[in-house]
Amino acid sequence: MASLCSTLLLVLSALYVAAADLQVWGIRGYGIKGDMLSKPDPYVKVYCGSTFGGMTEFKTSDPNPIWSTSFRFPDGKVGNFLKLELWDRDLLFDNRLGTCKAMVKQNTSAKVTCSMRKGELEFYYGL
């Protein structure tokens with residue numbers, strides 16, 4: 001009976017960890033380069049798997065932005081990929097400057113830093 005209870009507890013724990021609240025915060029950029037004519041007006045789009053979580057506000061003429069926005073994915077789980085797309089806002093068409101991807105690891109809070117052709121992006125996530 002003790003063995004059955006232990007197994008049941010293990011299965012229930014695994015189910016609880018499998019789908020939890022995943023949060024993304026502390027997004028910032030370093031040395032972001034926009035087009036040749038102006039400083040960048042960067043913003044970030046945030047995804048977990050195929051779920052779009054939203055986007056940050058625009059930072060006008062800021063190559064080293066810090067965004068205060070945080071994102072929550074109620075169905076986030078271990079093994080999902082977080083994808084943050086760095087964009088430059090322009091008058092006619094916005095330009096994607098790069099993409100940062102990270103796989104969600106179990107029971108963790110982590111800092112992720114991605115170097116891209118047009119700068120660097122950093123963020124934190126936690127389950």
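Annotations
- The set of residues from the stretch 63-72 being open to solvent by 10 Å² or more (accessible area, probe 1.4 Å) and either within 15 Å of residue 26 (Cβ to Cβ) or of a type in the set (Ser, Thr, Tyr) (or both) comprises 64, 66, 68, 69, 70, 71, 72.
- Where strands (runs of 3 or more DSSP E) fall wholly inside the stretch 63-116, the ranges with 2 or more residues that are of a type in the set (A, V, I, L, M) are 81-88, 95-103, 109-116.
- Single residue of 77, 101 found to be over 15 Å from residue 34 (Cα atoms) and in contact (Cβ under 8 Å) with a residue 40 or more places away in the chain: 77
- Figure legend. Inter-residue proximity from the stretch 106-122: first residues under 15 Å from residue 80 (Cα atoms), second residues modelled with pLDDT under 95 and open to solvent by 50 Å² or more (accessible area, probe 1.4 Å), beta-carbon distance below 9 Å, spacing 6+ or different chains. Indicated pairs: 106/78; 106/127; 107/78; 107/127; 108/78; 108/127; 109/127.
- Count of residues meeting criterion [open to solvent by less than 40 Å² (accessible area, probe 1.4 Å) and assigned to a strand (DSSP E or B)] in the stretch 53-62: 2
- Top-ranked residue in the stretch 73-127 [being small (Gly, Ala, Ser) and farther than 20 Å from residue 49 by Cβ; ranked as least open to solvent (accessible area, probe 1.4 Å)]: 119
- Inside the stretch 21-52, residues that are among the hydrophobic types (A, V, I, L, M, F, W, C) and outside any strand (DSSP E or B) make up a count of 3.
- Count of the stretch 31-53 residues, restricted to those that are over 16 Å from the mean Cα position of the chain (by Cα) and in contact (Cβ under 8 Å) with a residue 24 or more places away in the chain, is 8.
- The single condition among (1) farther than 28 Å from residue 127 by Cβ; (2) touching a Ser or Thr at 6+ places or on another chain (Cβ under 8 Å); (3) hydrophobic (A, V, I, L, M, F, W, C) that residue 36 does not satisfy is (2).
The values are calculated or read from the model by the stated rules, or taken from the named source; none is laboratory data. The structure displayed is predicted, hence computed values, not measured ones. Note that we place each Cβ from the backbone using ideal geometry, even for glycine, and neighbour counts take in every protein chain shown. Surface accessibility is based on the protein's heavy atoms, side chains included, excluding ligands, DNA and RNA. Shrake-Rupley method; radii C 1.70, N 1.55, O 1.52, S 1.80 Å.
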